[in-house]
Amino acid sequence: MTGFGTAPRYPVGRLLGALLAVLLLGGCDTSVTVLNPDPDYQFSLFGTLQVTADTQVVRVEPLGDSTQVGAPASLNARVVLKNLDAGTQVALRDSFGTVGNVAPVHNAWTPHAIEPGTTYRVEVQVDGQAVTTATTTTPAQAPRLRHAPAATRDRPFELPCRFSARGTPVELANTFDLRVRGVDAVAAAEVRYPLPRPSARRPWLDHYDRVEEEPEENRFRVSVFYADDLLFLTRPNAGDGMNQCPDPNQFTAPRAVVRVTAGGPDWPDWQGASLNALARPDTFSNVTGGHGFVGGVYADTIHIPIQERE
Amino acid sequence: MGLVVAALLLLLSGGGVQAQPSSSTEAATLRGFVRAAASGQPLRGANVVVRRLTGARQGAAATDEEGFYQVSGVPAGRHVLRISYVGFRPYRDTLRLQAGERRTLSVRLSVAARQLGEVTVEERARLQGEEAGLRRVRAADIAAIPTPGPGSDLAAYLRAQPEVTATGDRGGRLYIRGGTPSQNLVLVDGTPIYKPFHIVGFYSAFPGNLVASTDFYAGGFSAEHTGRISSVMDVQLRSGNTGEVQGQGGVGPFLASVRVEGPLQKGRKSFLVNVRHSLIEEAGPSLLGEETPYRFYDVTAKLHTQSASSQCSVTGVRTYDRGRIDPDVAASFQWSNTSVGGECLLFGQASAQTFHVAFGATHFGNEVRSTDQTRRASDTWKARTKFDLTQPAPWEGTVQWGGTIQADQYSYALNEPFLGFTSEDRFLLSASLYGKTTWEATDALTVTPSIGGQSLFAWDGASVDPRLRLAYQPGSENDRTLTAAVGVYHQIPTTIADERDVGSIFRAWTPTPFLNKPLRADHALLGWAQPLAPGLRASVEGWYKRFQDLPVPRWTPLVRTNTTLARADGRAYGADVRLRYTRDPVRLSLSYGYGRVAYEAAGDALGAWTGEDLVEYNPPHDRRHKLSARATWQGDLLSASVRWQYGSGLPFTQVYGYDTLLEIRGRRDAPTDVVGRPRTLYRRPYRDRLPAYHRLDLSAKRTLPLGPALDLTVEGGAINAYNRANLFYIDIFTLDRVDQLPLIPYLSLQVDVR
């Protein structure tokens, strides 16, 4: 006779029992932690330190909070700008406000002047300890810009624009060039046309992607396809109106302005990188203890005369 | 490669058939349809046996999904024909067949009152028995799954299977043995349909009372199905009643339904129309105490005509879904399917061939509108013609071959907040051919080799898919079965996904971005089934799938629909175990599924910041353990069903922070001017696991006769009976937690009018 308490136990039964127990016990907890801040990455920093600018602004964003777009009202941190060459430092002021009607952010700013050829560090301190830093060196000099169609191969800014038989502007015939010397890297190239513009449109058109390095000449070349810009500015909706650039009397001045910004020696080579590559937290960053990029820059402008095409 | 093409051409040429020995050509062929006498419905799986007067068997067959049978190689002379089907009175006749005669004999079987015990399975059941990777789903199987009615639904049945992983009870996405939803081929009466599953996971375009049968291949399918690399759901809707007009109306808390069917020409032509519309949006707040912003409907219509030597139908399906997966987020999803197609099965006296042709067009559209009024939309069109020819083989078995021509139009337009607009519009023409033979090598062994090829006209070359299926029944009875399948599978289109959150259901179809490199999978399956005791049957099947050239979303912290795809390889393997006990009035079922899915991609291509050259990860549908237990009791007055299911946690990605990216390059984004592009900074993707999931569903049903032609069916039950807070997903961008549906008690009423 087999007693109730002494019934033989089969391994299969025990295994099934154990499996069920694991499944059920494992299945009781329904909590889950998604946001798990990392003490090695506390803030992101984005901005430039610009020689000759009257205000320096750096975006400072805490990473470990649950605000996805924007930031909480309190930064709970102190941001300082250190001149590593001189051994001095200034505290940046916190400007918390809504930008672009989207979300409130923290912009740390200072009217402190930035010197050329100098190494700076932006430091975020929590309880007196530096937790996130970005270190950069400003360019030693302003970019030297030259546009000399008469003496060089630079193409001039000529109107009226030339169009192909299919009605598209001919790039070769509607592009002007300028050359940049004396810089480690070009950080930006922008053009402003002397045209009335809608208030919502930014005055400067970006031409950074058209910057080419000419290493044998130790210089950079900026080529501006101005007919494309003018069509964009005057008829932003494709297929709208005639295929012609603005009439010369529509210009408020006989020249366009090109602003070229030099980047410091640590300026990344990120021209042509995809947005996905740019967005990776481990790329194009000089921030430790966080993410982002703070670079030193130095800008200058040149006037490009608008000529009548012969 | 050349050898494979030559073999395919030889198979397609039918050359083998021409070489039949003269003794075979003098044999007679018997074929026709087996249908229910009262309704005219084709009976699938009916056994057809031809014997000599002495009792020696001369030939046998089982009817296919259209009720068609063909017994070839019957010697001339007098024979006894017996056709039987469970629940119907058998048909017996004595025939005199001439040498070389091709006789058409279509029969109608009458329902037998309580004769289940008398039915004997005379044909070797391997013709309709266990097959590798195949689950033949009958209406009764679907009805046994507790579903908030009225009526049952194929979707609820599929979700209960160990082969199937669903990421939640909303969204309509099914992952089959490591594959993704875009790798599943769903056919309704031979016409593809892209996403027939409704936003509430219990429902699809296939109500249980419309499904005649479904062949659900979780892998290892033969080459007549090309173009998808994971699974096939071949749904045959039943036709309307050719004998009398019938109607049905029902209402429950989730939906209301109406069905009308009847003869257009008595005994030959019929119609069927079924309409269902959701009510959950209106009923949810009072029933569940929470908002349930889900609306859907489906309309199905079928015209059917049949004769002794042909059967044709035209089927139209329209589905519409709209809703918010997260009730607290105003982003609204919408998708729709419109599918119209026809198919015919024909044969004549002059030939031993049967000819099947299907043609149809299908459209799938889906869109999501965000709170900021940005819109992402995708439309996909497909027009398709397919034909199949089947004929007796020189060996014991059949030869089947056919082809498909299809035109596809893919377009999408994605308007992304912070990122702008992306669009694509592609038109593609493709064709495929296949050949297949079934060789009954011995009484115990059936071998089914097949080979298919498909070509996209815009690409160089073609993909070739050799496949092989085996079924071995060593015993003399239908008891033990060994099944196996191996094969190569290719697929041209894929989907790009919205990686905003796991609950996002927006998908845009597009051709694979890797030129001349279609998605590829290699399948291997091995299964065993046998009875353990009277009424108790066990089966186990191991499976392995290797994936190559899968387009997977590139990892990016940007919050966007990711149109940048990286190439990944993958492997999935596991095993499913089933125990079934059937003894009237009880049916018990216990199933356990183990599976593992892993992808592997180059770190640079994937955009991974893990520091590894080759990154291996488990995609979000890698559910390791699935357990399901079901009990059904079918009494004279009442039927009841209980189901409990368990699923281990799915992979998810932990986040360590959020910020907004400013593009310092070109000084394009100044801190004072723009907020930037939102970034989600996550740890190693899919490394963590969501909590496990389990749920108990109950239902009880009783049918009350209200008159000679009027029945009332009352069904009550509860979904998630112990009200467990099963996590559906966590939106890693908003940290919103969305749970699956809570306890849902329901009561539905259905009236049947004959």
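Taken together, the values in this text are just the output of simple stated rules run on the coordinates, not laboratory data. All values reported here derive from a predicted model rather than from experimental measurement. So basically every Cβ, Gly included, is an ideal-geometry build from the backbone, and we count neighbours across all protein chains shown.
To the nearest 20 debye, what is the magnitude of the charge dipole of the protein assembly as shown about its Cα centre, counting +1 on the Cβ of each Lys and Arg and -1 on the Cβ of each Asp and Glu?
3640 debye
Could you check the spin-label model distance between A:Q89 and A:R309? Points 7 Å from the Cα along Cα→Cβ, value in nm.
In this crude label model, A:Q89 to A:R309 measures out at 5.9 nm.
Would you mind classifying the stretch B:447-591 by shape? Square roots of the alpha carbon gyration tensor eigenvalues, ordered a ≥ b ≥ c; an a/c under 1.5 is rounded, otherwise it is prolate if a/b is larger than b/c and oblate if not.
oblate
Name the residue farthest towards the positive end of the dipole of the protein assembly as shown from the options B:L662, B:A358, A:N276, assuming +1 on Cβ of Lys and Arg, -1 on Cβ of Asp and Glu, about the Cα centre.
Towards the positive end, the residue furthest out is B:A358.
Roughly how many nanometres apart are two label points built 7 Å out from the Cα toward the Cβ at B:R57 and B:D636?
About 3.7 nm, to one decimal.
Is chain A best put as rounded, prolate or oblate by its Cα gyration tensor, with a ≥ b ≥ c the root eigenvalues, rounded for a/c under 1.5, and otherwise prolate when a/b is larger than b/c, oblate when not?
Verdict is prolate for chain A.
Using alpha carbon centroids, what distance separates the stretch B:25-43 and the stretch B:517-572, in Å?
38 Å
Note the full-extension length gain between A:Q271 and A:V126 as 0.36 nm times their separation in residues minus their Cα-Cα distance, in nm to one decimal.
That works out to 48.8 nm of additional length.
Please give the length that would be gained between B:D688 and B:R96 if that part of the chain were fully extended, namely 0.36 nm times their separation in residues minus their C-alpha to C-alpha distance (nm, one decimal). Walk me through the intermediate numbers first.
Working: separation 592, 0.36 × 592 = 213.12 nm, distance 7.03 nm.
Length difference between fully extended and current span is 206.1 nm.
In degrees from 0 to 90, rounded to the nearest 10, what is the angle of the helix B:2-13 Cα long axis to the longest principal axis of chain B?
It is inclined by approximately 50 degrees.
For the stretch A:223-233, just list the computed ³J(HN,Hα) in residue order, Karplus coefficients 6.51, -1.76 and 1.60, θ = phi - 60°, integers in Hz, with x standing in for Gly and Pro.
Those phi angles translate into 10, 10, 7, 6, 4, 4, 4, 5, 5, 5, 6 Hz.
What does the helix-only formula give at 222 nm for chain B: each DSSP H stretch with n ≥ 4 adding -39500 (n - 2.57), the total divided by the residues, and the result rounded to the nearest 500 deg cm²/dmol?
Value at 222 nm, helices only, nearest 500: -1500 deg cm²/dmol.
Can you give the mean number of other chain Cβ atoms that lie within 10 Å of the Cβ atoms in peptide A:41-53? Write down the numbers at each step before the final one.
On the way: counts 4, 2, 2, 9, 3, 10, 6, 5, 0, 1, 0, 0, 0.
What the average comes to for A:41-53 is 3.
What lysines does B:K545 reach when the alpha-carbon gap must be under 20 Å and sequence neighbours fewer than 8 apart in one chain are set aside?
B:K517, B:K626
Size of the dipole of the stretch B:169-328 about the Cα centre, Lys and Arg at +1 and Asp and Glu at -1 on the beta carbon, nothing else charged, in debye to 20?
About 540 debye.
If amide H atoms are built 1.01 Å from N in the plane of the peptide, which residues on other chains or at least 5 residues away come under 5 Å of the amide H of B:L661?
Close amide H contacts, sequence-distant or interchain: B:R677, B:R679.
Output wanted: per-residue J couplings in Hz (rounded whole) for the stretch B:235-244, from phi through Karplus 6.51 cos²θ - 1.76 cosθ + 1.60, θ = phi - 60°, x for Gly and Pro.
Per-residue couplings from phi come out as 9, 9, 7, 7, 8, x, 6, 8, x, 8 Hz.
Using θ = phi - 60° and the Karplus curve 6.51 cos²θ - 1.76 cosθ + 1.60, what whole-Hz ³J(HN,Hα) does each residue of the stretch B:353-362 get, with Gly and Pro shown as x?
7, 10, 10, 10, 10, 9, 8, x, 9, 9
Which of rounded, prolate or oblate describes the stretch A:91-189 when judged by the alpha-carbon gyration tensor and an a/c cut-off of 1.5?
Taking the square roots of the gyration eigenvalues as a ≥ b ≥ c, the stretch A:91-189 is oblate.
Using the Kirkwood formula over every pair of different C-alpha atoms, what hydrodynamic radius in Å results for the stretch B:180-324?
Working: mean 1/r = 0.0597 Å⁻¹.
Taking the inverse mean of 1/r over all distinct Cα pairs, the stretch B:180-324 comes out at 16.8 Å.
Would you please give the FRET efficiency between B:F427 and B:R596, computed as 1/(1 + (r/R0)^6) with r the Cβ-Cβ distance and R0 = 30 Å, to the nearest 0.05?
Computed FRET efficiency for B:F427 and B:R596 comes out at 0.20.
Counting pairwise Cα distances across the stretch A:43-137, what percent come out greater than 16 angstrom?
Counting every Cα pair in the stretch A:43-137, those more than 16 Å apart make up 54 percent.
Hey, could you get me the Stokes-Einstein D for the protein assembly as shown, Kirkwood radius over alpha-carbon pairs, 37 °C and 0.692 mPa s, rounded to whole µm² s⁻¹?
The diffusion coefficient I find is 99 µm²/s.
Enumerate the residues in the stretch B:207-237 having an amide nitrogen under 18 Å from the point lying 7 Å beyond the Cα of B:R754 toward its Cβ.
Those under the cut-off are B:209-210.
Report, in deg cm²/dmol and to the nearest 500, the calculated mean residue ellipticity at 222 nm for chain A, where each DSSP H run with n ≥ 4 adds -39500 (n - 2.57) and the sum is divided by the residue count. Don't jump to the answer; show the numbers that get you there.
Numbers: 3 runs with 30 residues, N = 310.
Result for chain A, helices only: -3000 deg cm²/dmol.
For the stretch A:43-137, what is the charge dipole size about the Cα centre, in debye to the nearest 20, if Lys and Arg each add +1 at the Cβ and Asp and Glu each add -1 at the Cβ? Walk me through the numbers before you get to the answer.
Working: 5 positive and 8 negative charges, 4 e Å.
Roughly 20 debye for the stretch A:43-137.
Select from B:T226, B:P511, B:T442 the residue farthest towards the positive end of the dipole of chain B; place +1 on Cβ of Lys and Arg, -1 on Cβ of Asp and Glu, and compute about the Cα centre.
Working it through, the farthest residue towards the positive pole turns out to be B:T442.
By what distance, in whole Å, do the Cα atoms of the stretch B:26-123 stretch along each of the three principal axes, largest value first?
Principal extents (largest minus smallest coordinate, Cα): 40, 26, 17 Å.
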